Structure formats: structure tokens, C-alpha cells
Amino acid sequence: MDFVVRKLEKEEISYIYQAYMTQDFPQQELKPLGHILKSMERGYGFALGIYKGTDLMGYAVFIVTAKSALLDYFAIVKAYRGKGVGHEAFRLLQNYFEEQLPGVNGIYIEAEQIDKAKDEKGRTIRRRRIAFYQSCGCEMTALESKLFGVEYSILYRQLGSVSVQPSFEAVDLIYRTMFKKTHYQCFVKLVDTLPVKAEEERAEE
């Protein structure tokens, strides 16, 4: 597929937000446009568009620190879903980072926790979303977060040839970067479940 990835200007992501993002994401998951634009102005947020010619195929919004990135939003335009575009687009996003931002050693992805869905339909959607990222080479981590009442599992995709393991500290820095201090303290919770599970296993012995 002859796709091109390019960085979006504020005017372009503003249009995409109104035309696509409000339809592609539940209202409770979608930040106000002003927050996305402010992150771009302050240098820790940016957006990429995936194009075929002049046609928008998909888009992604990221939060970036010196060594890590969070895939805040990622979607394929509805007309092109189910045609393999998503996997190719994700591969191109990785290539963009490795070529343009070589200091970033990994991308984190939040996925709503399967067992927190209200019904089986919701659980199926969440399973498919996680399965998609895993098929793109992402691994499930032991990290979990709760942001403004929504509970997430966190996946990770390493970038480059140097192995850098996912870490609590990297995700915590991303959250501290993207949220105001008061919001971080009141509405953000990050947990590494590996020590918790190890302690539970010891208690059962």
C-alpha cells in the first residue's frame, strides 16, 4: 500500500477532530480539542496523518517525553476499515518514530480493561482492540492505570534495535507531563501489578 505519513498542523488536527474523532471515540474517552492543541503548542503532543495520495486513511495523536511515547488516539477512517490498513498504518507510525524521533525507545498504548466492560459486546470489542495491537507486535505489560474513572491495561511496542523494557517510571512521566498536577493527584492512578500478583501468590502458599 502506497501510504505516506506526515505530521499534522493544528488546523489539520482541528478538522480531523471535528470530522472524525468525535465519531470514532466515545465521548468519555475524548479530550477537548483545546487540550490536544495545547499539548502541541507546548511541544509534548503531536499528531500524524496517514494518507494515500490526498485521501486521509487514518490518524494518530501522541504524547511524547524524551524517551517514551503514548499513543493517545489511533483510528482508521471508517471507509477503509477491515482492509488491512490498520496494520500497515501502525507499521508506518513505528517507522516514523525510528526515523524522525530515534531517541524514543518505545510506544505505550492504553486499552480499556476487558473485565471492566458492561456487557459481552463491550468485552468483545476490547478483546479485538488488544488483539490488534498484539498482532502489531505490542506486548501486554503488568502496568494498569485508572484515568478519570476509566480503567486501562497498558501495552508496549519497543522501537529500535536496543531492548528497553516497559517501566512504571516511563508511563508515570508521561502522565505527569500530560496532566495538570491537581488532575494527576486526584484522577490518575498507575499500578504495577507484577509485585502485587507476586505478593498474592506468596500469601496463597
Some residue of segment 41-52 being part of a helix (DSSP H, G or I) and at pLDDT 95 or above: yes
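Residues checked against (1) surrounded by fewer than 19 Cβ atoms within 10 Å (Cβ to Cβ); (2) within 25 Å of Lys189 (Cβ to Cβ); (3) not hydrophobic (A, V, I, L, M, F, W, C):
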position	(1), (2), (3)
Leu101	yes, no, no
Arg128	yes, no, yes
Ala131	yes, no, no
Met140	yes, yes, no
Ser153	no, yes, yes
Set Ala89, Ala47: member being crowded, with 20+ Cβ neighbours inside 10 Å and touching a residue at least 60 places away in the same chain (Cβ under 8 Å): Ala89
Residue in segment 62-69 that is on the phi < 0 side of the Ramachandran plot, surrounded by 19 or more Cβ atoms within 10 Å (Cβ to Cβ) and part of a loop (DSSP other than H, G, I, E, B) present: yes
Any hit, segment 75-84, residues being touching a residue at least 24 places away in the same chain (Cβ under 8 Å), surrounded by 14 or more Cβ atoms within 10 Å (Cβ to Cβ) and of a type in the set (Ser, Thr, Tyr): no
Flag if Gly34 is without any contact (Cβ under 8 Å) to a residue 40 or more places away in the chain and outside any helix (DSSP H, G or I): no
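The values are calculated or read from the model by the stated rules, or taken from the named source; none is laboratory data. Please read these numbers as outputs of a predicted model, since none were measured by experiment. Note that each Cβ is placed from the backbone with ideal geometry, even for glycine, and that neighbours are counted across all protein chains shown.
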